[in-house]
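In what follows, a single structure is set out as structure tokens and then discussed.
The values are calculated or read from the model by the stated rules, or taken from the named source; none is laboratory data. This is a predicted model, so every value here is computed, not measured. Neighbour counts are summed over all protein chains in view; Cβ atoms, including those assigned to glycine, are modelled from backbone coordinates with ideal geometry. These accessible areas exclude ligands, DNA and RNA; they are computed on the full protein's heavy atoms, side chains included. Shrake-Rupley method; radii C 1.70, N 1.55, O 1.52, S 1.80 Å.
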Amino acid sequence: MSLNQGGCLCGAVRYAASSTPVRVTYCHCKFCQRATGSAYLVEPIFQKTHFAIISGKPATYTQASEGSGKRVTVNFCSTCGTKLFLDLERFPETLGVYGGTFDDPNWFERTPQVSRHIFLDSALNGTVIPAGFRTFREHAWLNDGTPVEPVIFGQPHAIGSEHLGNLSHPGTSFPS
């Protein structure tokens, strides 16, 4: 496996991933919306042993997750402010990269087999969820580690004004 590199806008901090992601998470939570300034974060998840900083040293900002109460640490460039990756206390063996910071952000797969959409209850109106992806109203795991049953839509769905109770295709919504 070749190294896939990325870094910040100014080039002061560079990193490399030496494997494909364990999975790709599309996170629609309020934290990720605010951190990205966008509708959601495209977050390839890597084992920490397959990720390295190759130049520079990221600064960090830490806060407690609203959902789990566990530490979420944003690693970013202190010169240009680019957010690079998240270190999550809840998942100590992995980290999540801000997908757009790779030199080639299209190198990793985003297929339904390796991806999921989480926190759809917080998704912005008009966000389109593609067919065939595992989706979750909140996280894919409960705080105690129990997996949550996903909902998989058979056709694309736009998040409506009442979020998941008012999807663009009536009769398909998350169970209560």
**Request:** Go through (1) at pLDDT below 95; (2) within 30 Å of PHE51 (Cα to Cα); (3) loosely packed, with under 15 Cβ neighbours inside 10 Å one by one and return the number of the condition PRO170 breaks.
**Result:** (2)
**Prompt:** Among the residues of the range 102-124, which ones are in contact with a helix residue (DSSP H, G or I) (Cβ under 7 Å, 6 or more places away or on another chain) and either among the charged types (D, E, K, R) or closer than 20 Å to LEU3 by Cβ (or both)?
**Reply:** PRO105, ASP121
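For the range 5-12, indicate whether the set of residues that are open to solvent by 50 Å² or more (accessible area, probe 1.4 Å), over 25 Å from ILE129 (Cβ atoms), at pLDDT 95 or above and assigned to a helix (DSSP H, G or I) is non-empty. Before the answer, list the steps.
The first filter runs over the range 5-12 and keeps only residues open to solvent by 50 Å² or more (accessible area, probe 1.4 Å), leaving 5, 9-10.
In the following step, the residues that additionally are over 25 Å from ILE129 (Cβ atoms) were identified as 5, 9-10.
Now narrow it down to the ones that are at pLDDT 95 or above: 5, 9-10.
With the extra rule that they be assigned to a helix (DSSP H, G or I), the set shrinks to none.
Scanning the range 5-12, I find no residue that is open to solvent by 50 Å² or more (accessible area, probe 1.4 Å), over 25 Å from ILE129 (Cβ atoms), at pLDDT 95 or above and assigned to a helix (DSSP H, G or I), so the answer is no.
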**Request:** Within the range 94-110, track down each residue that is of a type in the set (A, V, I, L, M, F, W, C) and touching a residue at least 60 places away in the same chain (Cβ under 8 Å).
**Result:** VAL97, PHE102, TRP107, PHE108
**Request:** Pull up the range 115-155, narrow it to residues that are among the basic types (Lys, Arg) and in a strand (DSSP E or B), then point me to the one that is most open to solvent (accessible area, probe 1.4 Å).
**Result:** ARG134
**Asked** Would you pick out the residues in the range 73-108 that are surrounded by fewer than 18 Cβ atoms within 10 Å (Cβ to Cβ) and of a type in the set (Ser, Thr, Tyr)?
**Response** THR73, SER78, THR79
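Looking only at the range 23-40, count every residue that is of a type in the set (S, T, N, Q), touching a Leu at 6+ places or on another chain (Cβ under 8 Å) and open to solvent by 20 Å² or more (accessible area, probe 1.4 Å) and tell me the total.
Residues flagged as of a type in the set (S, T, N, Q), touching a Leu at 6+ places or on another chain (Cβ under 8 Å) and open to solvent by 20 Å² or more (accessible area, probe 1.4 Å) within the range 23-40 amount to 1.
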